[in-house]
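The values are calculated or read from the model by the stated rules, or taken from the named source; none is laboratory data. Here the structure is a predicted model, which is why all the values come from computation and not from measurement. Ideal geometry is used to build each Cβ from the backbone, glycine not excepted, and the neighbour counts take in all protein chains shown.
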Amino acid sequence: MGSIRRTVAELVGAGWGDDRPGLWFEGRVLSHHQVTAGAAARAALLADLLPPGAPPHVGVLLDNTPEYPMWLGAAALARAAVAGINPTRRGPELVRDIRHTDCRVLVTEQAHLPLLAGLELPGVRVLVTGTDAYAALLAPYEGAGPDTSRAVPSDRFLLYFTSGSTGAPKAAICTQGRLAAAGHSLAGHFGVRRDDVHYICMPMFHGNAVIADWAPALAAGAGVALRRRFSASAFLTDVRACGATYFTYVGRAVQYLLATPARPDDRDNPLRLGFGTEAGAVDAAAFERRFGVRLVEGYGSSEGGAAIQWTPGTPPGAVGRAAPGDDLAVVDPLTREECPAAEFAADGRLLNGEAAIGELVNRGPNPFEGYWRNPEADRARLREGWYWTGDLFYRDPDGFLYFAGRTDDRLRVDSENLAAAMIENILARYERAVAVAVYAVPDPVAGDQVMATLALRSGAASFDPHAFAGFLRAQPDLGTKMAPRFVRAVDRMPVTATNKIHRAGLRRQGFRCPDPVWWRPAGEDAYRRLTAPDLAGLEEEYRARGREELLRR
């Protein structure tokens, strides 16, 4: 891999003079040199556009086109920071994201111009790629070379938004040094070579695509292939066309790929590895059987405060052990005491989940670099010298860590704490469902009840309450309080722009939703359709106990 380069600018500059194929996009191929030259020209333009004294921030509102990595490279060379703007945001939310990150330049494309119509963005210069005006603006800077000497590792480089399910999204800071180090680390861990091609099909406004896919390719001098937006049906066609060897995924992407019609030549592809989160052990095994590609589940806090590495010998279902230098612990957030090790039955069932599941914290030094202008969020992450991830885990006696969901995905049913991810792992075995989401709805008396949304497989005409109840009875590790009280059936799981299940929306709607819902009334074992009179009776029960307001949260 050559010498270690400590800034993203140095990594970008290494492509200068390299005429190997470096970027594939919709039938076009650019060399590494062309990509670096494009970044250098945009860096020179950016230096002239950014007003003196203002934060050097450029917003990027683009699909995954060649302009995206070129503007990332431009920002690195110009010592500026890119704020990835989510194109699924609308109106005031979109304005808020752009203003909050103090963007003075916003790069977009014609397809996204309707999103900006009528928005008040004073002091923001909007550049529209693919237009004559854009080409004319850029023309005087063509031919500029990359100056990598000015950038330093501490330069702010990314402002990427993290989940906004509990409020406005927070813009996490990532410096050039941290991204370069992450790129080198992942490239070394996965043995990325110069002749590899990384397929970037996850959106580049999200940290996963930039940190886990683009950065290791950049560090190793490998190529990248871009898909404008994720497409399950086009996945193998793209992979074969560019010779992709590596890809990343988040959320439901793997499930969508498995839901495509199987073909006899599915294993005829150049991929050797997929790296991501939330595929689940069952679907990861199914993916390897069908496509011949190993999936490695990883964990890294978006903000950089904790990381878990998979290593040979990691047990099925585990993510791995703490990365070197991290002092990770699973603790009870109330007592701050470390949770006991997990105990398993012979069939792998977790026996002491209520005691063993806690929040993952890093008690040692960590590279968390804070949020942009959000000291309250900084304090919530760093409490009493520890970095709190907001994620639930349990640890086995050998130190291997298992993901158990988000802290806001914990349910309390009849005074027992349950993790949504644990129940989801069980329900994922239900053959008639392609995707499963488990979340809490308020109990009319106290605590929560379990609700599940099932996305039915193609060919499953409708939800069969008797078959589902029989499936639940057959699961040996389904605790007595884990069975869903409510089941919502959908054709397609609602997801966010990064293909993660939109749990906040599901929780908000609860059982008062537009889709069919089946339920088990108290004291009954069978599921039946939730009718309008049933719903009215439930609402009256909540009202009588003063808990109706909880249904609106």
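Listing for the model above:
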quantity: Scan of region 442-455 for residues that are among the small types (Gly, Ala, Ser) and either modelled with pLDDT of 90 or more or under 21 Å from ASP491 (Cα atoms) (or both), ordered by number; calculated: ALA452, ALA455
quantity: Some residue of region 19-28 being buried (at least 17 other Cβ atoms within 10 Å of the Cβ) and basic (Lys, Arg); calculated: no
quantity: Qualifying positions in region 355-377 - more than 10 Å from ALA172 (Cα to Cα) and of a type in the set (Lys, Arg); calculated: ARG363
quantity: Candidates TYR439, TYR430 - the one that is in the same structural domain as LEU538 (by TED's automatic domain parsing), assigned to a loop (DSSP other than H, G, I, E, B) and modelled with pLDDT of 90 or more; calculated: TYR430
quantity: Residue match in region 1-8 (condition: modelled with pLDDT of 95 or more, crowded, with 21+ Cβ neighbours inside 10 Å and assigned to a helix (DSSP H, G or I)); calculated: yes
quantity: Within region 378-407, tally of residues that are aliphatic (A, V, I, L, M) and surrounded by fewer than 19 Cβ atoms within 10 Å (Cβ to Cβ); calculated: 2
quantity: Residue under evaluation PRO444, criteria (1) touching a strand residue (DSSP E or B) at 6+ places or on another chain (Cβ under 7 Å); (2) touching a residue at least 12 places away in the same chain (Cβ under 8 Å); (3) not acidic (Asp, Glu), criterion not met; calculated: (1)
quantity: Selected residue [buried (at least 17 other Cβ atoms within 10 Å of the Cβ), in contact with a strand residue (DSSP E or B) (Cβ under 7 Å, 6 or more places away or on another chain), within 30 Å of ALA355 (Cβ to Cβ) and among the β-branched types (Val, Ile, Thr)] from VAL495, VAL436, VAL490; calculated: VAL436
quantity: Unmet criterion (only one of (1) over 21 Å from the mean Cα position of the chain (by Cα); (2) within 21 Å of ALA253 (Cα to Cα); (3) of a type outside the set (Lys, Arg)) for ILE423; calculated: (1)
quantity: Test: THR148 is touching a Pro at 6+ places or on another chain (Cβ under 9 Å) and buried (at least 16 other Cβ atoms within 10 Å of the Cβ); calculated: no
quantity: The lone exception for ILE308 - which of (1) over 21 Å from ASN208 (Cβ atoms); (2) in a strand (DSSP E or B) it fails; calculated: (1)
quantity: Matching entry among ALA172, ALA180, ALA135 (being more than 20 Å from VAL296 (Cα to Cα), surrounded by fewer than 16 Cβ atoms within 10 Å (Cβ to Cβ), among the hydrophobic types (A, V, I, L, M, F, W, C) and assigned by TED's automatic domain parsing to the domain that holds ALA40); calculated: ALA135
quantity: Per-region count, region 321-347, residues loosely packed, with under 11 Cβ neighbours inside 10 Å and touching a Pro at 6+ places or on another chain (Cβ under 9 Å); calculated: 2
quantity: Filter result for ARG79 (among the basic types (Lys, Arg), at negative phi, surrounded by 17 or more Cβ atoms within 10 Å (Cβ to Cβ) and in contact with an Asp or Glu (Cβ under 9 Å, 6 or more places away or on another chain)); calculated: no
quantity: Residues located in region 431-484, provided they are under 27 Å from the mean Cα position of the chain (by Cα) and over 30 Å from ARG543 (Cβ atoms); calculated: GLU431, ARG432, ALA433, VAL434, ALA435, VAL436, ALA455, LEU456, ARG457, SER458
quantity: Among (1) surrounded by fewer than 24 Cβ atoms within 10 Å (Cβ to Cβ); (2) under 22 Å from GLY123 (Cβ atoms); (3) in contact with a Ser or Thr (Cβ under 9 Å, 6 or more places away or on another chain), the one test that PRO92 misses; calculated: (3)
quantity: Residues located in region 512-553, provided they are among the hydrophobic types (A, V, I, L, M, F, W, C) and closer than 30 Å to TYR249 by Cα; calculated: CYS513
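Okay, residues lined up against (1) closer than 30 Å to ILE501 by Cα; (2) part of a loop (DSSP other than H, G, I, E, B):
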residue	(1), (2)
LEU121	no, yes
LEU137	no, no
PRO140	no, no
CYS174	yes, no
ALA217	yes, no
